[in-house]
Amino acid sequence: MKKALAAIACLAASLAFAEPVKVGMVAPFSGVAADFGKQMRAGIDAFFKLHGDTFAGRKIEVIVRDTGGPNPEVAKRLAQELATRDHVDFLAGFGFTPEALAAAPVATQAKKPMVIMNAATSIITTKSPYIVRFSMTLPQVSAPMATWAAKQGIRNVYTLVTDYGPGIDAEKQFAKTFEAAGGKIVGAVRTPLRNPEFAPYVQRIKDAKPEAVFIFVPSGEQSVAFMKAFAERGLKEAGIKVIATGDLTDDDVLQAMGEPTLGIITSHHYSAAHDSPENRAFVKAFHEVAKGLARPNFMAVAGYDGMAAIADVVTRLGANIDADKAMAILKHEKMMSPRGPIHIDPATRDIVQTVYIRRVEKRDGQFWNIEFDQFPDVKDPGKE
Ligand code: PHB
């Protein structure tokens, strides 16, 4: 009898464990930034492909919600519905800064750990104690670019950034680090987030004749539009170097942008060409699960690592997932990512990682961001 009771108790416990863990994913999956969501999702699926989707007996279920954005009001509403109606255990995704900022109060009020897989303005993690970031910040990738440029003897730079959070972060940090290293900013322009017409800005830069132009535009559509104006206005022929954050030469669209990108120098935390066993396994799994995507980009790797962290929490907490206990684990994550070693700074809940300097090169008829220098263990300087 005792034995039978124990067996029933055991069965009951395992049934309780069988309850799935729900992750509510908020990102654009349609519209001009559809690839933001698709890349993150494919990164998550690559993680499941390599490591399974069940931890401590609990399957991780991803509930996808499309903002069609950038669309902060919609992102907030979707996060709210996921928290209160779908009773998710985690919020995840968040491609655009305004969407992450709009959803931050939901994470706090509903007490849901919110795992950022792209949105990269420094301030985001300060907006809720339940936010942790597995992507990057713009100051984190812009400072190394400035240091590298100054070291090359580049003395005057014009900056062009998109006029919202991440662009302003990039502009300010680049100028701060570059001027501290003896460089001079000879001009600065901010372009609109929606439908920018780059040609007049590029012409203005060409007329100013700086040694180099530093660029941040959100990856995808804007990278393509900038590169088109860059090629048409003959910036390269005028001898003006392009240095940028890796958003410009995003792996998702690099091959499509083609020839004009050759030789562009960027700083970023992930390249699909990164040479490591972890990345080779990731890229292979990505191609097995991703539909209609050319290559994994930095959003895919953040999706992969963010899900790895969620899986770690599920493994450790099992049936008792509680937001504060989950945050205590997430704050101390440390892992070997396909991008290289990463960890979370427990003081800021922001990622610490290697920032690579890369050059666009052609290999076997394909364009790649080839890493040739690196800055290890870079914290977000935006919070210092
Ligand atoms: C952002 O909105 O934070 C963002 C979007 C696209 C990028 C980088 C940052 O490539």
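Here are the numbers for the structure shown:
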{"read-out": "Mean projected area in nm² (Cα convex hull; one quarter of hull surface) for the stretch 325-384", "value": "5.4 nm²"}
{"read-out": "The chain: antiparallel DSSP beta bridges as a percent of all, rounded to 5", "value": "40 percent"}
{"read-out": "Amide H contacts of Ile370 (H built 1.01 Å from N, under 5 Å, at least 5 apart or other chain)", "value": "Arg359, Val360, Glu361"}
{"read-out": "Debye log10 I(q)/I(0) for the stretch 162-230, one point scatterer per Cα, at q = 0.28, 0.29 Å⁻¹", "value": "-1.38, -1.42"}
{"read-out": "Percent RCO, i.e. relative contact order, over the chain, from Cα pairs under 8 Å lying at least 6 residues apart", "value": "18 percent"}
{"read-out": "Tilt relative to the chain, helix 34-51 - C-alpha long axis, 0 to 90 degrees, to 10", "value": "50 degrees"}
{"read-out": "Estimated [θ] at 222 nm from DSSP helical runs (n ≥ 4, -39500 (n - 2.57)) normalised by residues in the chain, nearest 500", "value": "-13500 deg cm²/dmol"}
{"read-out": "Gaussian network model of the chain, Cα within-10 Å springs - most flexible of Phe214, Phe94, Phe226", "value": "Phe226"}
{"read-out": "Sorted peptide list for 339-351, 359-371, criterion being average Cβ within 10 angstrom, highest first", "value": "339-351, 359-371"}
{"read-out": "Average Cα contact separation per residue, the stretch 185-327, under 8 Å, 6 or more apart, as relative contact order %", "value": "18 percent"}
{"read-out": "Shape parameters for the stretch 205-321, alpha-carbon atoms, Rg then Dmax in Å", "value": "18.1, 63"}
{"read-out": "Percent of Cα-Cα distances greater than 18 Å, calculated over the stretch 101-158", "value": "46 percent"}
{"read-out": "Among Ala79, Ala323, Ala27: highest mean-square fluctuation, GNM of the chain, C-alpha pairs under 10 Å", "value": "Ala323"}
{"read-out": "Cut-off under 5 Å, modelled amide H: who pairs with Val189 long-range", "value": "Thr159, Leu160, Val161"}
{"read-out": "Taking the convex hull of Cα positions in the stretch 232-384, its mean projected area over all directions (nm²)", "value": "11.5 nm²"}
{"read-out": "Cα centroid separation, the stretch 114-190 to the stretch 336-378 (Å)", "value": "15 Å"}
{"read-out": "Dimensions in Å of the stretch 223-285 - Rg and Dmax from alpha carbons", "value": "13.5, 42"}
{"read-out": "Cβ-based exposure ranking for Met336, Met327, in which fewest neighbours within 10 Å come first", "value": "Met336, Met327"}
{"read-out": "Cubic angstrom per residue, convex hull over Cα atoms of the stretch 66-225", "value": "101 Å³"}
{"read-out": "Alpha-carbon Rg/Rh ratio, for the chain, with Rh computed the Kirkwood way", "value": "1.01"}
{"read-out": "Share antiparallel - DSSP beta bridges, the stretch 245-384, percent rounded to 5", "value": "95 percent"}
{"read-out": "Sequence ranges 293-303, 268-278, ranked by mean other-Cβ count within 10 angstrom, highest first", "value": "293-303, 268-278"}
{"read-out": "Rel. contact order, % - alpha carbon contacts under 8 angstrom, at least six apart, the stretch 217-258", "value": "60 percent"}
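Values quoted throughout were computed directly from the atomic coordinates according to the rules given, and no laboratory measurement underlies them. Given the structure is predicted, the values throughout are model-derived calculations rather than measurements. Here the Cβ is made from the backbone with ideal geometry for all residues, glycine too, and neighbour counts use every protein chain on show.
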